[in-house]
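Reading through the structure tokens given below for one structure.
The values are calculated or read from the model by the stated rules, or taken from the named source; none is laboratory data. Nothing here was measured: the structure is a model prediction, and the numbers come from that model. In this analysis, Cβ positions are derived from the backbone assuming ideal geometry, glycine residues included, and neighbour counts consider all displayed protein chains.
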């Protein structure tokens, strides 16, 4: 006897949330992680130096991720890039030649070109793939790289700095976290080379992580920079996608006080203003206590 | 033939991380989540109003969580509680009677008692279990509740406020997020009752969430408060465990300008200082644009 053909409808109960549940997760510390829901992976390659990932997030638009650490997202990269650049360039008496160490995405350069007095900008990032990815996927971040004052050099910044003594008015160290090839960027020997690459009255700024977690790192980097620079300053600001949402910027100066404002960027900014400039150097007691030893403010 | 007894050693390859992998995860938005590694759950109950969870985190010490939202951790509750209290009480000409709406944990009260001029403090939280949990698990947060000037009332703050016209010099709305029973705390009718409960020249402060995500919420609450109060101000500050790490505090005033500092807390603060007071009212352009319509600063 042949079986009758039977059509069976398997009825599956509807589930409240039934969509692709894709997440990027950054382990910000061993005990803390940030997750961002993503809709797609746009690029994921191993460069000569690091894993480079570009994803589309639901919350913040596109994100650039290097070795698992979120560098920035389209929607709030402005807070970081504006704070890396404008406190320094708005207070330096006459910044003509500026060097960016790292920062291949071009975010800092985009802010530097808002200062008309700057004549030459050198961007030295060891990883050419970061520059390429930014040009391909982050047009609003990398647009400054097309400015005619900009020279992009994909090479080792440590070597470049050694080869250019007394050359720059301002140096911006837009590094990744101090792991792997970036470890040296948080140590005194590097800051000595940076100081030597500055002209008289030059200033350097470096991102020095959160004041709330890994505090040793901030105080270490600040102390190391302080063994080289006669005047040390710290400013801080919001950065929603970095661990704890607050970020510090350490400034070493061969002369000028970065709290003295001498000019404003010539184009629109979203986070920075002269008032924010002043406010960003106001530190809560718990940060002051951390750095008391060699803070000049 | 009998088999010889054989001893077999099963060698298991060591795994890099082999420990309890316990996490608390807060869905801060639909597309963003914060995870904190935990070592234990100290309390987990359903109160009459919400799910109350106390966990021990590795990163930040103990944490109080209400309905899945992280209220604070031992290590950084100070940023929030100090900013909820000191800008208001340091600027009011003569704050004698102060009301805290919500805030059953006592963190705001601990900061209020640092102002010697305050004579009476009312804490009105609908959920007595929050008060109990704080006394049991967060002695450093709840210590202020033992001050003799404090009256703790576990009841509906909306009713309490209606019953106390022209009574308080300052009202601090330390609410949870605007879901469920806390929705009304972000609307004009509530602010009208708050204004009526204030004495002449009184001020109110309310936490109004992050300026980076759910921005509609901030501008909505600010607008609603602004339909009642003649002068509206916003200050902001760091709060590492809240979404995006930056938090806003909306201040409605019947007279005084909260930027005019008249006194300092009499005991030590970790985040607040007179300089931070002034700096916290400095808003980045992107926040000013959000609120432009009715900002008095």
Quiz item: Conditions: (1) in contact (Cβ under 8 Å) with a residue 60 or more places away in the chain; (2) within 20 Å of residue A:65 (Cβ to Cβ); (3) surrounded by fewer than 21 Cβ atoms within 10 Å (Cβ to Cβ). Residue A:131 meets all but one. Number of the miss?
Solution: (1)
Quiz item: So which residues in the stretch B:269-282 are in a loop (DSSP other than H, G, I, E, B) and facing chain A (nearest Cβ under 8 Å)?
Solution: B:269, B:270, B:271, B:272, B:273, B:282
Practice problem: Restrict the check to the stretch B:80-91 and report whether at least one residue is part of a loop (DSSP other than H, G, I, E, B) and crowded, with 18+ Cβ neighbours inside 10 Å. | Solution: yes
Quiz prompt | Boolean, residue A:97 is over 26 Å from residue B:213 (Cα atoms) and free of Cβ contacts under 8 Å to residues at least 24 places away in the same chain | solution = no
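Quick one: how many residues across the stretch A:205-216 are free of Cβ contacts under 8 Å to residues at least 60 places away in the same chain and under 16 Å from the mean Cα position of the chain (by Cα)?
The first filter runs over the stretch A:205-216 and keeps only residues free of Cβ contacts under 8 Å to residues at least 60 places away in the same chain, leaving A:206, A:208-210, A:212, A:216.
Checking which are under 16 Å from the mean Cα position of the chain (by Cα) leaves us with A:206, A:208-210.
Residues flagged as free of Cβ contacts under 8 Å to residues at least 60 places away in the same chain and under 16 Å from the mean Cα position of the chain (by Cα) within the stretch A:205-216 amount to 4.
Condition check: surrounded by fewer than 22 Cβ atoms within 10 Å (Cβ to Cβ), under 19 Å from residue A:84 (Cβ atoms) and outside the structural domain of residue A:46 (by TED's automatic domain parsing). Does residue A:167 satisfy that? Don't jump to the end; show me each part of the working.
Numbers: surrounded by fewer than 22 Cβ atoms within 10 Å (Cβ to Cβ): yes; under 19 Å from residue A:84 (Cβ atoms): no; outside the structural domain of residue A:46 (by TED's automatic domain parsing): yes.
No.
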Self-check item: Breaking point among (1) crowded, with 19+ Cβ neighbours inside 10 Å; (2) at positive phi; (3) more than 14 Å from every other protein chain (Cβ to nearest Cβ), for residue B:176
Solution: (2)
Self-check item: Flag if residue B:249 is within 20 Å of the chain's Cα centre (by Cα), surrounded by 17 or more Cβ atoms within 10 Å (Cβ to Cβ) and either more than 8 Å from every other protein chain (Cβ to nearest Cβ) or on the phi > 0 side of the Ramachandran plot (or both)
Solution: yes
Exercise. State whether the residues of the stretch B:225-234 include one that is at pLDDT 95 or above and within 14 Å of chain A (Cβ to nearest Cβ).
Key: yes
Exercise. Out of the residues in the stretch B:29-78 that are assigned to a loop (DSSP other than H, G, I, E, B) and within 14 Å of chain A (Cβ to nearest Cβ), state the one that is surrounded by the most Cβ atoms within 10 Å (Cβ to Cβ).
Key: B:59
Practice problem: Kindly check whether there is at least one residue in the stretch B:13-25 that is more than 9 Å from chain A (Cβ to nearest Cβ), within 21 Å of residue A:31 (Cα to Cα), modelled with pLDDT of 95 or more and part of a strand (DSSP E or B). | Solution: yes
Quiz item: Would you say residue A:166 is more than 19 Å from the chain's Cα centre (by Cα), away from chain B (no Cβ under 14 Å), in a helix (DSSP H, G or I) and modelled with pLDDT of 95 or more?
Solution: no
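When you scan the stretch A:220-231, how many residues do you find that are over 21 Å from residue A:183 (Cβ atoms) and either touching a helix residue (DSSP H, G or I) at 6+ places or on another chain (Cβ under 8 Å) or buried (at least 22 other Cβ atoms within 10 Å of the Cβ) (or both)?
Residues of the stretch A:220-231 that are over 21 Å from residue A:183 (Cβ atoms), as a first pass: A:230-231.
Those left that are additionally either touching a helix residue (DSSP H, G or I) at 6+ places or on another chain (Cβ under 8 Å) or buried (at least 22 other Cβ atoms within 10 Å of the Cβ) (or both): none.
Here the count works out to 0.
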Self-check item: Selection count, the stretch B:137-170, where residues are within 18 Å of residue B:70 (Cα to Cα) and in contact (Cβ under 8 Å) with a residue 40 or more places away in the chain
Solution: 4
Quiz item: Do we find that residue B:249 is assigned to a loop (DSSP other than H, G, I, E, B) and in contact with a helix residue (DSSP H, G or I) (Cβ under 7 Å, 6 or more places away or on another chain) in this structure?
Solution: no
Quiz item: Is there a residue in the stretch A:186-199 that is without any contact (Cβ under 8 Å) to a residue 60 or more places away in the chain, assigned to a strand (DSSP E or B), in the same structural domain as residue A:256 (by TED's automatic domain parsing) and out of contact with any helix residue (DSSP H, G or I) (no Cβ under 8 Å at 6 or more places or on another chain)?
Solution: yes
Quiz item: Going by the structure shown, is residue A:182 free of Cβ contacts under 8 Å to residues at least 60 places away in the same chain, away from every other protein chain (no Cβ under 14 Å), under 21 Å from residue A:125 (Cα atoms) and out of contact with any helix residue (DSSP H, G or I) (no Cβ under 7 Å at 6 or more places or on another chain)?
Solution: no
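Over 25 Å from residue A:276 (Cα atoms), outside any loop (DSSP other than H, G, I, E, B) and either at pLDDT below 95 or outside the structural domain of residue A:129 (by TED's automatic domain parsing) (or both): does that describe residue A:160?
Values: over 25 Å from residue A:276 (Cα atoms): yes; outside any loop (DSSP other than H, G, I, E, B): yes; either at pLDDT below 95 or outside the structural domain of residue A:129 (by TED's automatic domain parsing) (or both): no.
Criteria not met by residue A:160.
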Practice problem: Only residues that are surrounded by 19 or more Cβ atoms within 10 Å (Cβ to Cβ) and in contact (Cβ under 8 Å) with a residue 12 or more places away in the chain: list them for the stretch B:257-283, please. | Solution: B:258, B:265, B:269, B:271, B:272, B:276, B:277, B:280, B:281, B:283
